[in-house]
1. Restricting to segment 133-159, count the residues that are part of a helix (DSSP H, G or I), open to solvent by 90 Å² or more (accessible area, probe 1.4 Å) and more than 15 Å from the ligand (Cβ to nearest atom).
2. Determine whether segment 89-96 contains at least one residue that is surrounded by fewer than 17 Cβ atoms within 10 Å (Cβ to Cβ) and in contact (Cβ under 8 Å) with a residue 12 or more places away in the chain.
3. Yes or no: Y93 more than 8 Å from the ligand (Cβ to nearest atom) and either modelled with pLDDT under 95 or closer than 17 Å to L150 by Cα (or both)?
4. Do we have S103 as open to solvent by less than 70 Å² (accessible area, probe 1.4 Å), away from the ligand (no atom under 11 Å from the Cβ) and of a type in the set (S, T, N, Q) here?
5. Does segment 106-132 hold any residues that are of a type in the set (D, E, K, R) and open to solvent by 30 Å² or more (accessible area, probe 1.4 Å), and which are they?
6. In this structure, does K172 turn out to be assigned by TED's automatic domain parsing to the domain that holds G69, open to solvent by 30 Å² or more (accessible area, probe 1.4 Å) and not small (G, A, S)?
Amino acid sequence: MQKAPLFTLLLAAALFGLSIYTVYQQYSTNAKISALEEKVAACSPAAPTKQEEAHEDEEHEYPLGEKMGKMLYFTHKAGLAGKYQNWELAAFYAHELEETAESIIEAKVVDEGVEVSKLVASVKDHIENLEKAAKEQNAVEFPKAYETLLRNCNNCHVSTGKQFIVITPLQKDIEGQQFKK
Ligand code: HEC
């Protein structure tokens, strides 16, 4: 009767020891594996995945399309305000347009060998003429300056192979903003 508890005790102690050993073994194997993994990683610097590469290209590319969209927006609004001889508003948008053009010029964009910024710089005079006509409240010069500007926008689209982007004067009012004085 007395031997049984002693035996159980010994067995329990042995099992306990074994389980500690197993846990230790597991732990040291894991440590070895991760050390090995680290070595492998250090030997072969991870090549960027295709997705990462594409993302980087996108980040480096100048958002010319977006800027152009902004130019169109301000061109239309300036034209509309000028049509109603709302000179303060026309001058405001002509100025916004000028600032957008300037930001493209300053970015020194060269796209596939085309000196985009230099070409935009060549239309800046026409934008300035539009602003000047608005400030001087010149109802004769403003439509002329506007027409000349649009022609120059389109000329550049032709010379950059984007001849399918054709800007035309706005025929209708833009909803949601007052252009008539
Ligand atoms: C460098 C000469 C150049 C000049 C000057 C220029 N554009 Fe562009 N425009 C481009 C190019 C190049 C693109 C195509 C951009 C792209 O690849 O995303 C473009 C695209 C556009 C687009 C299409 C993007 C969109 O949001 O729909 C519009 C609209 C546009 N231009 C309007 C104008 C207006 C308005 C002017 C004049 C105030 C103007 N552009 C002057 C070269 C020019």
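The values are calculated or read from the model by the stated rules, or taken from the named source; none is laboratory data. Because the structure is predicted, anything quoted here is derived from the model rather than measured. Using ideal geometry, Cβ is built from the backbone for each residue, glycine included, and neighbour counts are taken over all protein chains shown. Accessible surface is based on the protein model in full, side chains and every heavy atom, while ligands, DNA and RNA are left aside. Shrake-Rupley method; radii C 1.70, N 1.55, O 1.52, S 1.80 Å.
1. Residues meeting the conditions: 2.
2. Filtering segment 89-96 for residues surrounded by fewer than 17 Cβ atoms within 10 Å (Cβ to Cβ) gives none.
No, there is no match, as no residue in segment 89-96 is surrounded by fewer than 17 Cβ atoms within 10 Å (Cβ to Cβ) and in contact (Cβ under 8 Å) with a residue 12 or more places away in the chain.
3. Working: more than 8 Å from the ligand (Cβ to nearest atom): yes; either modelled with pLDDT under 95 or closer than 17 Å to L150 by Cα (or both): yes.
So Y93 fits the description; yes.
4. On the way: open to solvent by less than 70 Å² (accessible area, probe 1.4 Å): yes; away from the ligand (no atom under 11 Å from the Cβ): yes; of a type in the set (S, T, N, Q): yes.
It is true that S103 is open to solvent by less than 70 Å² (accessible area, probe 1.4 Å), away from the ligand (no atom under 11 Å from the Cβ) and of a type in the set (S, T, N, Q).
5. Initial filter on segment 106-132 (of a type in the set (D, E, K, R)): 106, 108, 111-112, 115, 118, 124-125, 128, 131-132.
The answer is E106, K108, D111, E112, E115, K118, K124, D125, E128, K132.
6. On the way: assigned by TED's automatic domain parsing to the domain that holds G69: no; open to solvent by 30 Å² or more (accessible area, probe 1.4 Å): yes; not small (G, A, S): yes.
It is false that K172 is assigned by TED's automatic domain parsing to the domain that holds G69, open to solvent by 30 Å² or more (accessible area, probe 1.4 Å) and not small (G, A, S).
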